[in-house]
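The structure under discussion appears below in the form of structure tokens.
Laboratory data are not the source of any read-out in this text; all were calculated from the coordinates shown. Here the structure is a predicted model, which means the values were calculated and not measured. FYI the Cβ positions are ideal-geometry reconstructions off the backbone, even for glycines, and counts take in every protein chain you see.
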Protein chains: 2
Amino acid sequence: MKHKRSERIVMMTEYLLKNPNKLIPLTYFVNKFNQAKSSISEDIYIIKTSFQDENIGNVITLSGVNGGVIFQPVLSDMSAKEIILEFINILKENNRLLAGGYIYLSDIIGNPNIMNKLGLLIANIYQNNEIDAVVTVASKGIPVAYAVASVLNKPVVIIRRDNKVTEGTTVAVNFVSGSTRKIETMILAKRSLKEGSKVLLVDDFLRGGGVMTGMRTLMQEFKAEVVGMAVLAECFDSGNIDSAEYTYLVRLSDINEFTGKFKVEEGNAINQLIKAREVKLENE
Amino acid sequence: MKHKRSERIVMMTEYLLKNPNKLIPLTYFVNKFNQAKSSISEDIYIIKTSFQDENIGNVITLSGVNGGVIFQPVLSDMSAKEIILEFINILKENNRLLAGGYIYLSDIIGNPNIMNKLGLLIANIYQNNEIDAVVTVASKGIPVAYAVASVLNKPVVIIRRDNKVTEGTTVAVNFVSGSTRKIETMILAKRSLKEGSKVLLVDDFLRGGGVMTGMRTLMQEFKAEVVGMAVLAECFDSGNIDSAEYTYLVRLSDINEFTGKFKVEEGNAINQLIKAREVKLENE
């Protein structure tokens with residue numbers, strides 16, 4: 001059955017959106033719709049311009065034998081800014097300050113809608129890097145990693161913080177928790193990550209930097225190359241990690257347990273996004 | 001700027017896909033595109049038929065003052081079957097049997113592409129139920145819960161299994177782990193879940209049923225109504241839970257640590273899906 005252009009466009013739009021950052025050969029659509037390559041190219045052109053007008057992303061066409069199309073979700077600077085402002089506004093509502101200076105984030109992390117937006121923003125910063133896996137630490141980093149990895153079209157690798165890992169040979173490292181100053185352990189099964197992988201480390205919170213340092217140490221054991229680090233929020237000082245090295249969407253400070261108040265301000269994500277685009281342009 | 005029909009269709013398709021199970025007033029599109037309601041209705045009709053032809057889902061139009069469109073992802077029985085067969089094939093590859101009769105699932109759970117498919121299947125079974133939250137237990141249930149909740153457009157609530165919960169007042173219950181026969185604890189912050197919520201419980205594995213029973217006990221403390229339970233795989237017998245009550249995509253049995261072999265067969269998900277559709281038809 002032959003489809004009309006308008007129908008093909010709906011189906012192709014869905015397929016591209018479902019497969020971000022993946023090369024789809026033109027022949028896939030040519031065969032699927034039983035249409036000439038020229039018609040399919042015109043369809044794609046319409047989708048491409050609509051995606052641009054609507055700030056959905058780029059549809060990149062590669063010609064040649066290995067040619068095809070790649071959909072790359074792209075956030076405009078304005079959309080990125082809006083996402084961060086929305087995040088800041090949510091952080092300001094309710095009584096989020098918990099005992100010990102912790103900030104209540106579970107409702108935000110549990111909201112797929114918000115997480116997908118924040119993940120899209122982080123993915124945008126790193127999507128032109130070669131990345132084999134998004135690595136995080138259980139349990140609150142998982143939704144963040146998942147949202148980022150869905151856009152990058154890469155697997156998530158989850159480091160555990162308990163010793164209940166039932167996955168064969170494991171590698172464990174100790175780290176000093178930045179907040180409690182206690183020595184803790186993180187552990188990853190050997191088969192979870194190929195040696196020499198390029199990884200993006202993500203977590204919900206950076207508070208002293210102990211967990212992130214632990215993750216980096218563990219990555220060394222896997223001879224992995226850390227391509228980037230990203231967190232939703234950083235808190236206090238970043239300890240022993242240079243803040244130019246990682247992305248944080250917001251910064252929390254002046255946490256006052258007595259009044260229940262704290263300060264939230266924009267992090268360095270927009271700058272990181274602009275920097276990533278400049279690097280991309282230089283390479284083109 | 002007025003957009004052509006083909007462009008509007010691309011943009012509306014994207015918007016609907018990004019907002020599953022959410023009522024979008026027609027006026028949203030009327031205002032956005034500065035078009036007559038009749039034109040927008042025609043656009044939606046094209047999207048609706050294309051989604052049907054391609055088995056993407058239903059676009060339901062509600063008329064009246066509170067009218068609008070809802071996109072509901074719908075899996076055909078064939079697509080559901082394909083997803084389960086793909087899952088079974090992945091389970092059969094590699095050496096997945098670990099010491100203690102555990103099955104290695106981390107690579108599957110870490111793959112957003114596979115998880116989104118499995119989540120779509122589970123969501124399809126429960127999307128006509130009234131659900132306030134998808135509840136899971138850290139850490140491997142999280143990606144499953146996330147994939148399901150994204151489709152249902154509902155929040156995820158994560159029960160922890162350690163005592164490092166820094167979220168104010170918590171409720172804890174003890175449960176007997178089905179596999180280790182040890183008494184363990186699960187814990188949830190009071191503010192994470194509203195009393196009287198309707199919840200869908202999900203986890204990666206059901207192995208003796210201890211964790212699921214623990215989750216149900218914990219839900220009682222929150223006066224929550226358990227609308228359904230779903231796991232990716234069940235193993236051995238399901239212990240003290242009636243298997244008619246929950247959904248499992250596959251069943252693992254005959255686990256032989258000596259040969260490293262085990263049996264994988266289809267679970268009850270397809271039946272549950274068919275049953276859910278029958279109930280829906282009866283209610284219409």
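Distance between the 7 Å Cα→Cβ label points at A:Ala244 and A:Glu221: 3.1 nm. In this label model, B:Asn113 and A:Ile183 are separated by 4.3 nm, measuring between points 7 Å along each Cα→Cβ vector. Along chain A, the longest continuous region that contains none of the trypsin sites (Lys or Arg not before Pro) in a DSSP loop with at most 15 other C-beta atoms within 10 Å is A:23-163. I'd like the FRET efficiency for B:Asn256 and A:Lys190, computed as 1/(1 + (r/R0)^6) with the beta carbon distance as r and R0 of 30 Å, rounded to 0.05. E(calc), rounded to 0.05, equals 0.85.
In nanometres and ascending order, the distances from the B:Glu184 label point to those of the other copies are 1.8 (point 7 Å from Cα along Cα→Cβ). Which of rounded, prolate or oblate describes the stretch B:154-284 when judged by the alpha-carbon gyration tensor and an a/c cut-off of 1.5? Judged from the Cα gyration tensor, the stretch B:154-284 comes out oblate (a/c at least 1.5, b/c at or above a/b). Entry note, the stretch A:148-236: relative contact order of 28 percent, from Cα contacts under 8 Å with a spacing of 6+ residues. Please identify, among A:Ile40, A:Ile187, A:Ile83, the residue showing maximal mean-square fluctuation in a Gaussian network model of chain A using a 10 angstrom Cα cutoff. Among A:Ile40, A:Ile187, A:Ile83, the largest GNM mean-square fluctuation belongs to A:Ile40.
Among the residues of A:56-62, the average count of other protein chain beta-carbon atoms within 10 Å of the residue beta-carbon is 1. Taking A:Phe33, A:Phe222, A:Phe51 in turn, the Gaussian network model of chain A (Cα-Cα springs below 10 Å) assigns the largest fluctuation to A:Phe33.
Determine the shape class of the protein assembly as shown: with a ≥ b ≥ c the square roots of the Cα gyration tensor eigenvalues, call it rounded for a/c under 1.5, and otherwise prolate if a/b is greater than b/c, oblate otherwise. Note, shape of the protein assembly as shown comes out rounded. The same position A:Asn19 in the other copies lies at 2.8 nm from this copy, comparing label points 7 Å beyond Cα toward the beta-carbon, shortest first.
To the nearest ten degrees, helix B:5-18 and the longest principal axis of the Cα atoms of chain B are 30 degrees apart. Against chain A, whose longest principal axis comes from its Cα atoms, helix A:112-126 is set at around 80 degrees. With a Förster radius of 41 Å applied to the C-beta separation of B:Val30 and A:Asn58, the computed FRET efficiency comes to 0.90.
By the helix-only formula, in which each DSSP H run with n ≥ 4 contributes -39500 (n - 2.57) and the sum is divided by residues, chain A has a 222 nm mean residue ellipticity of -12500 deg cm²/dmol. For label points placed 7 Å from Cα toward Cβ, what is the shortest-first list of nm distances from B:Gln220 to its copies? Nearest to farthest, the other copies are at 5.0 nm. Neighbouring Cβ atoms from other chains, within 10 Å of the Cβ of residues in B:191-201, number 1 on average. Return one number: the angle in degrees, 0 to 90 and rounded to the nearest 10, between the long axis of the Cα atoms of helix A:141-152 and the longest principal axis of the Cα atoms of chain A. The angle comes out at about 20 degrees.
Net length available on complete extension from A:Glu130 to A:Glu82 is 14.6 nm, with 0.36 nm assigned per residue and the Cα-Cα distance removed. Quick one: Cα centre-to-centre distance for the stretch A:85-105 and the stretch A:26-82, in angstrom? Each part reduced to its Cα centre gives a spacing of 39 Å.
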